[in-house]
Amino acid sequence: MTEGRLVETFVELADTLIDDFDVIEFLHLLSGRCVELLSVDAAGLLLANPAGELQLVASSDEEVRLLELFQLQGDEGPCLDAYRLGREVTKADLAEPADEWPSFAAAATDHGFRAMHALPMRLRTEVIGVLNLFSAVPGELGAEDLRAARAMVDVATIGLLQARTIRHHEVLVEQLQTALSSRVIIEQAKGFVAERLSLEMDQAFAVLRRYARSHNRKLSEVSGEVVARSATVHELFEPPAGR
């Protein structure tokens, strides 16, 4: 493992604030760098969906992709335990007889893997996914590799959560701006209706709301038409049909 390449990887994993951030590409970068920098032969990455179910999003090769899908379909394996327990799970020799994950262990050895280390993508109490590291030979990860793997997972987790928070904030800001803009248009429409129909502002607002509701339309949309004078005030003032 070269220190310079590791530092470069940390920089790339921390850069989630770019406008064209692609989470899939980001996670493929992480899995690929794990194979490049650590003493492992393959890597897979799974993220939890809003329902809390793990989904495969990146893998270093086809064998791992198939094995990860087998793990999910069988609801059995180190990855699932790491996600549910929120802690690292290691199996130094998948060929050893064991009561835990018998089907997964057999499938893993059939695909040429003898050891696996699952690291949860966790920040405090929130677990958003799992990084799985596979080796073709039995044995645990070395101390240096384990520290590097943990560091990459931590940086990636923080980056993903940061990106998610920023995008959630952007959505809220956009919604707030839309609400503020709509409010301005509604106030303008109220004044227009009040002036043309000699009504108080509260009465004008009631006219706008009644029309919008009876026609199953948004108040801001109706107000916009009033301001643009594409809808007549008298049409709005007429009581809904059947009343």
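The table that follows gives values for the structure above.
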| read-out | value |
| --- | --- |
| Cα-only Debye scattering, the stretch 22-80: base-10 log of I(q)/I(0) at q = 0.14, 0.18, 0.19, 0.30 Å⁻¹ | -0.38, -0.62, -0.68, -1.26 |
| Estimated Rh, the stretch 87-149: Kirkwood, alpha-carbon pairs, angstrom | 12.5 |
| Extension gain from M201 to Q55, taking 0.36 nm per residue of separation minus the Cα-Cα distance | 47.2 nm |
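Any read-out appearing in this document is the output of simple, stated calculations on the displayed coordinates, not a laboratory observation. All values derive from a computational prediction rather than experimental measurement.
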